[in-house]
Amino acid sequence: MHSWDAEAYLDRVLKNYDKDEFQMMVLPEKWITNNLEEKDPVYEALLNTLKEISEKYNCDLVPGSFSLARNGKLYNSSPFIHWGKVLGYQDKISLFKGENEHYSKGDVIRLFDSGSLKISIAVCYDLDFPYFAKIVAGNGGNLIVNPSLITSEFKDMWHIYVKGRSLETRLPVISINSSSDPFLGGSIVTRMRPRNGGIFLEEELLGTTESRIVETNPEDLREYIDSRHAEDPGTYNLNKR
């Protein structure tokens, strides 16, 4: 989909939902396929539309990621919009195969403050690596959002990564994939439930549906996230050799 089709698409999807019906909206990685320039009027118009949606619905908005040119470099970059305001961008850090030929790498894992939560954005392949989630947990994060673009044949392995990151850190994950061909949906949301002194992982699969409201529980897990992080004795510190 091109940026000039995005507003009509969002209007069609959102017409089924009311204000205050959801707290966060998430879209897939690179669902807009053309390259965008940060200072270009085309991108500014798109961003204004996204900010208006976030303000109208009183929600946080992670509008997937865009191929976004900034300061002479191209990034696979995801904005975080809180109630109509852009709080910042997460640039994809771990580039996948051919992306290295076109994109510059991000170098910072950001946490965005939504008021009650600190939220991190792992852009697709970034979630494959355990240290991303570990850093989020250690810095007080509550939730990982994972805009993805996974072809359907790799769906089962992608779900293993998502569930593994949740179990490793006790962080819920919202991982959203494109419903178009050849990706065919398969989005997954995890919840962590305390049970008999341990943690039980629950997953919700969204199938091929274009949009859906699901629930997760990041507000309930701070003590479990901190306890899990404290159990690491430091032996596995990546800076040690």
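The values are calculated or read from the model by the stated rules, or taken from the named source; none is laboratory data. For clarity, every value in this text was computed on a predicted model and none was experimentally measured. FYI the Cβ positions are ideal-geometry reconstructions off the backbone, even for glycines, and counts take in every protein chain you see.
Miscellaneous remarks
- The residues on offer are 176, 213, and the sole one that is modelled with pLDDT of 95 or more, over 22 Å from residue 126 (Cβ atoms) and under 17 Å from the mean Cα position of the chain (by Cα) is 213.
- Among the residues of the stretch 188-241, those that are more than 15 Å from residue 143 (Cβ to Cβ) and of a type in the set (Phe, Trp, Tyr) comprise 200, 236.
- Filtered by the rule that a residue be more than 14 Å from residue 213 (Cβ to Cβ), surrounded by 14 or more Cβ atoms within 10 Å (Cβ to Cβ), touching a helix residue (DSSP H, G or I) at 6+ places or on another chain (Cβ under 9 Å) and free of Cβ contacts under 8 Å to residues at least 60 places away in the same chain, the stretch 2-33 gives 3, 6, 7, 10, 32.
- The stretch 34-70 - residue that is in contact with a helix residue (DSSP H, G or I) (Cβ under 8 Å, 6 or more places away or on another chain) and polar (S, T, N, Q) and, of those, surrounded by the most Cβ atoms within 10 Å (Cβ to Cβ): 65
- Residue within the stretch 178-195 that is free of Cβ contacts under 8 Å to residues at least 60 places away in the same chain, hydrophobic (A, V, I, L, M, F, W, C) and farther than 28 Å from residue 10 by Cβ present: yes
- Which listed residue is over 22 Å from residue 76 (Cβ atoms) and of a type outside the set (Ser, Thr, Tyr), from 181, 156: 156
- If only residues of the stretch 150-200 that are small (Gly, Ala, Ser) and in a loop (DSSP other than H, G, I, E, B) are counted, the one that is surrounded by the most Cβ atoms within 10 Å (Cβ to Cβ) is 187.
- Search result, residues across the stretch 126-149 that are surrounded by 18 or more Cβ atoms within 10 Å (Cβ to Cβ), touching a strand residue (DSSP E or B) at 6+ places or on another chain (Cβ under 9 Å) and not small (Gly, Ala, Ser): 126, 127, 132, 136, 142, 143, 144, 145, 146, 147, 149
- Which numbered condition residue 145 misses (of (1) β-branched (Val, Ile, Thr); (2) outside any helix (DSSP H, G or I); (3) more than 15 Å from the chain's Cα centre (by Cα)): (3)
- Residues of the stretch 227-241 that turn out to be more than 23 Å from residue 161 (Cβ to Cβ) and either part of a loop (DSSP other than H, G, I, E, B) or of a type outside the set (Gly, Ala, Ser) (or both), as a count: 6
- Exactly one residue among 164, 198, 186 is over 21 Å from residue 131 (Cα atoms), among the small types (Gly, Ala, Ser) and modelled with pLDDT of 95 or more, and that residue is 186.
- When the residues of the stretch 18-74 are filtered to those that are among the basic types (Lys, Arg), in a loop (DSSP other than H, G, I, E, B) and farther than 23 Å from residue 125 by Cβ, the one that is modelled with the lowest pLDDT is 19.
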